Structures are given as structure tokens and as C-alpha cells.
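The values are calculated or read from the model by the stated rules, or taken from the named source; none is laboratory data. The model shown is predicted, which means the values in this text are computed figures rather than measured ones. Neighbour counts run over all protein chains shown; Cβ positions are idealised from the backbone, glycine included.
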Amino acid sequence: MSEVEEIKEKTPWSLEQFLRQTFKGILDPIAAFFLKIGLTPNSVTILGVVLSVGVAVLIGMGYITWAGVLILISAPMDALDGSMARLKGISTPFGAFLDSVTDRYAEMIILGGLLFYYLQRTSLLACLLVFLAAMGSIMTSYVKARAESLGFSAKVGILTRIERVLVLAPCLLFNIPMVALWILAILGNFTALQRILFVRQQASRS
């Protein structure tokens with residue numbers, strides 16, 4: 001095994017993997033029910049984006065706590081589509097691609113709702129934090145995608161997508177969105193940096 005492969009093997013197990021395994025017994029029956037009523041994995045993926053639009057609208061209207069409730073409802077959609085594809089045996093490259101793309105749209109839509117909310121309140125600091133949070137989210141995703149296209153692994157970092165949801169949901173529920181924005185703005189970009197350094201470590205061994 002090469003040094004690069006050894007580094008890849010040492011990539012820590014992610015929180016997303018842990019949650020999928022922990023809640024597999026709950027997700028699979030729900031996924032089976034959705035398949036039974038005629039839904040497809042891709043339709044559930046799109047439904048997740050639609051619910052994110054609802055979250056953004058609620059935020060923009062000032063219903064922050066209700067937006068948090070809706071985020072908790074929409075969050076499992078990201079895992080359900082994968083469970084449905086696995087149960088039906090129809091996992092496809094396009095399905096995985098669509099899932100990744102819609103995840104980015106969903107995040108940007110929700111951050112857009114926060115931007116609209118704070119623009120109405122003329123809070124320059126909050127708007128700057130929304131921008132930094134969006135930058136961290138996009139760069140975290142881009143670094144991973146670019147690294148994998150070059151044959152490296154980048155599945156590391158303190159604030160991946162699932163952690164970002166776990167930060168945002170309770171902060172909206174308790175109507176403290178600024179706390180979420182500070183965390184997303186700082187740790188999101190720190191995660192991108194972590195991934196860059198992880199790839200650099202692999203590249204230096206290749």
C-alpha cells in the first residue's frame with residue numbers, strides 16, 4: 001500500500017456515516033414506505049430542496065422558530081433518498097450527482113433567506129457573516145470534489161454538511177440565528193482549510 005493510500009485509509013469515520021448507521025432501522029422503513037407509494041429517490045431529493053425554499057421563506061418573513069422546525073423535517077430527506085436507492089437497487093451516478101448538487105442549492109437557498117432577513121434589518125455584520133458562511137460551505141464542497149477528481153481523499157473536517165445542519169437547526173429553533181452564522185462563517189472556512197491541508201499531505205507523499 002502506498003503512503004497516499006495509507007493516509008486515505010486513516011480518514012476518520014464521519015458523523016454522517018455514524019448517523020446513517022445509527023438511524024438505519026428508522027430510515028429504512030420510511031424509505032420502503034415512500035417507495036411503496038410510488039416516490040423515487042430523485043423525487044425525494046427534489047422535495048428536500050422544495051422544503052428548503054419553505055425554510056428560506058419562513059426566515060425571510062421572520063418566523064425563525066418555525067423555520068427551525070421545518071429544517072428538522074427536511075433534513076432526513078438527504079438520507080432517505082440514499083436509503084430508497086439502496087433498497088430498490090437503483091443507485092446511479094446521476095442520482096449521486098443530483099444529490100450533491102441539490103444539497104448545495106438547499107444550503108444556498110436557506111442562507112439566501114437569512115440574507116434577506118438581515119438586509120431588511122440593515123445588519124451589515126450579519127450580511128457579511130452570511131457571505132462567509134456561504135463561502136465556507138461552497139469551498140468545503142469544492143475542495144472535496146476537486147481533490148477526488150485528482151485521486152485524493154478529502155473526507156475530513158470539523159464542519160461538514162451534516163454538522164452545518166446540526167448547528168443551524170437548533171439555532172433557528174431557539175431564534176438565535178446569529179450564533180449559527182458565527183459558527184458557520186468561522187468553522188466552515190476552517191473545514192475547507194483542513195481539507196486543503198489534508199490533500200497537501202497526500203500530494204507530498206505521492
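The residues on offer are 50, 55, 44, and the sole one that is closer than 27 Å to residue 175 by Cα, surrounded by 15 or more Cβ atoms within 10 Å (Cβ to Cβ) and at pLDDT 85 or above is 55. Considering 195, 164, the condition of being charged (D, E, K, R), touching a Leu at 6+ places or on another chain (Cβ under 9 Å) and buried (at least 21 other Cβ atoms within 10 Å of the Cβ) is satisfied by 164 alone. The residues on offer are 101, 156, 165, 199, and the sole one that is among the β-branched types (Val, Ile, Thr) and modelled with pLDDT of 95 or more is 199. Of the residues 174, 97, 152, 116, which is under 22 Å from residue 50 (Cα atoms), touching a helix residue (DSSP H, G or I) at 6+ places or on another chain (Cβ under 8 Å) and of a type in the set (A, V, I, L, M, F, W, C)? Exactly one of 174, 97, 152, 116 is under 22 Å from residue 50 (Cα atoms), touching a helix residue (DSSP H, G or I) at 6+ places or on another chain (Cβ under 8 Å) and of a type in the set (A, V, I, L, M, F, W, C), namely 116. In the stretch 35-68, the residue that is farthest from residue 93 (Cα to Cα) out of those that are in a helix (DSSP H, G or I) and of a type in the set (Gly, Ala, Ser) is 60. Looking across the stretch 147-161, the residues that are surrounded by 15 or more Cβ atoms within 10 Å (Cβ to Cβ) and either in contact with an Asp or Glu (Cβ under 6 Å, 6 or more places away or on another chain) or of a type outside the set (Gly, Ala, Ser) (or both) come down to 152, 155, 156, 159, 160, 161. The single condition among (1) under 22 Å from residue 188 (Cβ atoms); (2) touching a helix residue (DSSP H, G or I) at 6+ places or on another chain (Cβ under 8 Å); (3) modelled with pLDDT under 90 that residue 17 does not meet is (2). Does the stretch 152-159 include one or more residues that are closer than 15 Å to residue 67 by Cβ and either touching a residue at least 40 places away in the same chain (Cβ under 8 Å) or among the hydroxyl-bearing types (Ser, Thr, Tyr) (or both)? No, the stretch 152-159 has no match at all. Elements of the type helices (runs of 4 or more DSSP H) sitting completely within the stretch 69-150 and holding at least 1 residues that are touching a residue at least 60 places away in the same chain (Cβ under 8 Å) and within 21 Å of residue 47 (Cβ to Cβ): these cover 77-88, 93-120. Taken as a whole, the structure leaves residue 170 outside the set of residues that are out of contact with any Lys or Arg (no Cβ under 9 Å at 6 or more places or on another chain), surrounded by 21 or more Cβ atoms within 10 Å (Cβ to Cβ) and closer than 29 Å to residue 27 by Cα.
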